[in-house]
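The values are calculated or read from the model by the stated rules, or taken from the named source; none is laboratory data. Note that the structure is predicted; figures quoted are calculated from it, not measured. Positions of Cβ are generated from backbone atoms using ideal geometry, with glycine treated the same way; all protein chains shown enter the neighbour counts.
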Amino acid sequence: MTDRKRLWITRRLSDATLERAARDYDVVINHDDTPGTASELIAASAKFDAIIPCHSEHFSAEVVSKLAPRLKIIANHSVGVDHCDLPALKARGITVTNTPDVLSDATAELAMLLMLGAARHAVAGDRTVRTGAWDFWSPSFMVGKQLTGARLGIVGMGRVGRAFAAKARGFDMEIHYYNRNPLSDAAAQGAVYHDTVESLLGVADFLSLHCPATPDTIDLMNSERFAMLPKGAVMVNAARGALVDEDALMAALDSGHLAAAGLDCFKVEPGGNPAFATRENIFMLPHIGSATTQTRDAMGFRALDNLDAFFDGRTPKDVL
């Protein structure tokens, strides 16, 4: 790059990422680590050539319509881009990139934690020991659902879905999946393809969601589809909160049809759903699927790689 471009980083990224950014760009960092508001995004577009946002910054059509011509690229520090109106940004000639590949294993690990925690009464068990209420034992005490040999249904066999399937094979689970298209035999590694979500649900003792949030997948899991799961099934969502009708989820849990759920994402973030707190059969984490040191560094470097390519006149690897 012949001149230093001005870059706004909207959140507190990893130290390694910030150090590299400061080396190569005239960078301004939001050390307060608060979500960028619509007015801040619009104002920044007149001062910066590039922005590295997270999914907490929303580039709606209205915001995009007010962006200044100076802003040339939005290099997202995320895989999901449902916070960006891609058609509106494309119409304005603003390049958009994301950070695929590098967070698949970390997110799959967390999905496995959610599945195990939900299946084996992690919430109730932790509370019982932590509060000193563990004063008895019985063969019927906190009997959970075993993963080994169970049928696992995966909705979305992209990078994260395949990483999750690989880890589930370590538990000798029988893998079934729904995807827009079947994988090659080599990629599927014996997983059974279903050409509809409904077909998959009928065999899913455990169900894990790994698809993006799109108009077609909002409330993918609703009352009708929860009823299609085998009685006593466990659902995991480490993808996007928009995929699950939360009222329908609570109804399925309260009826006993669904045994438990493991959630890392919610309709409202941050905060989640306060009604979930009363249910010990919901194991929850605060959207930290990719939150490992290794992955945060890799995500930041991938975003910077995309910026470097763009300003060097090359097509970024992860352009959308």
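Can you find even one residue in region 60-77 that is of a type in the set (S, T, Y) and either modelled with pLDDT under 95 or closer than 23 Å to R314 by Cβ (or both)? Full working, then the answer.
Taking region 60-77 as the starting set, the residues that turn out to be of a type in the set (S, T, Y) are 60, 65.
Checking which are either modelled with pLDDT under 95 or closer than 23 Å to R314 by Cβ (or both) leaves us with none.
Looking for residues that are of a type in the set (S, T, Y) and either modelled with pLDDT under 95 or closer than 23 Å to R314 by Cβ (or both), one finds none in region 60-77, hence no.
Please go through region 1-33 and pick out each residue that is of a type in the set (S, T, Y) and modelled with pLDDT under 95. Talk me through it step by step, then tell me what you get.
Our first condition is that a residue be of a type in the set (S, T, Y); within region 1-33, this holds for 2, 10, 14, 17, 25.
T2, the sole residue that qualifies.
Could we say that D82 is at pLDDT below 95 and of a type in the set (D, E) here?
Numbers: at pLDDT below 95: yes; of a type in the set (D, E): yes.
In short, yes.
Any residue in region 107-125 that is in a strand (DSSP E or B), within 24 Å of A213 (Cα to Cα), in the same structural domain as N237 (by TED's automatic domain parsing) and not acidic (D, E)? Reasoning before the result, please.
Narrowing region 107-125 to residues in a strand (DSSP E or B): none.
So far as region 107-125 goes, no, none of its residues is in a strand (DSSP E or B), within 24 Å of A213 (Cα to Cα), in the same structural domain as N237 (by TED's automatic domain parsing) and not acidic (D, E).
Please work out if L249 is of a type outside the set (F, W, Y), surrounded by 20 or more Cβ atoms within 10 Å (Cβ to Cβ) and over 17 Å from the mean Cα position of the chain (by Cα). Even if it seems obvious, please write down each step before you answer.
On the way: of a type outside the set (F, W, Y): yes; surrounded by 20 or more Cβ atoms within 10 Å (Cβ to Cβ): yes; over 17 Å from the mean Cα position of the chain (by Cα): yes.
Yes, satisfied.
May I ask you to verify whether N273 is surrounded by fewer than 23 Cβ atoms within 10 Å (Cβ to Cβ), in the same structural domain as S208 (by TED's automatic domain parsing) and of a type in the set (S, T, N, Q)?
Details: surrounded by fewer than 23 Cβ atoms within 10 Å (Cβ to Cβ): yes; in the same structural domain as S208 (by TED's automatic domain parsing): yes; of a type in the set (S, T, N, Q): yes.
The answer is yes for N273.
Six or more apart or on different chains, Cβ atoms under 6 Å: show the pairs whose first residue is in region 202-223 and surrounded by fewer than 22 Cβ atoms within 10 Å (Cβ to Cβ) and whose second is among the charged types (D, E, K, R).
Final answer for the pair search is V203/R151; A213/D82; A213/R240; D219/D245; N222/D245.
If you take the residues of region 120-144 that are touching a residue at least 24 places away in the same chain (Cβ under 8 Å) and out of contact with any strand residue (DSSP E or B) (no Cβ under 6 Å at 6 or more places or on another chain), which of them is surrounded by the most Cβ atoms within 10 Å (Cβ to Cβ)? Please lay out each step first, then the result.
Looking only at region 120-144, we keep the residues that are touching a residue at least 24 places away in the same chain (Cβ under 8 Å), and these are 120-124, 127, 144.
Narrowing the set further to residues that are out of contact with any strand residue (DSSP E or B) (no Cβ under 6 Å at 6 or more places or on another chain) leaves 120-121, 124, 127, 144.
Values: R120: 18, H121: 21, A124: 15, R127: 13, G144: 17.
That would be H121.
Taking V244 as meeting all but one of (1) without any contact (Cβ under 8 Å) to a residue 40 or more places away in the chain; (2) surrounded by fewer than 21 Cβ atoms within 10 Å (Cβ to Cβ), write down the number of the exception.
(2)
Quick one: which strands (runs of 3 or more DSSP E) lie wholly within region 186-267 and hold at least 1 residues that are β-branched (V, I, T)? Break it down into steps so the answer makes sense when it comes.
Numbers: elements: 192-194, 206-209, 233-237, 258-263.
Answer list for region 186-267: 192-194, 233-237.
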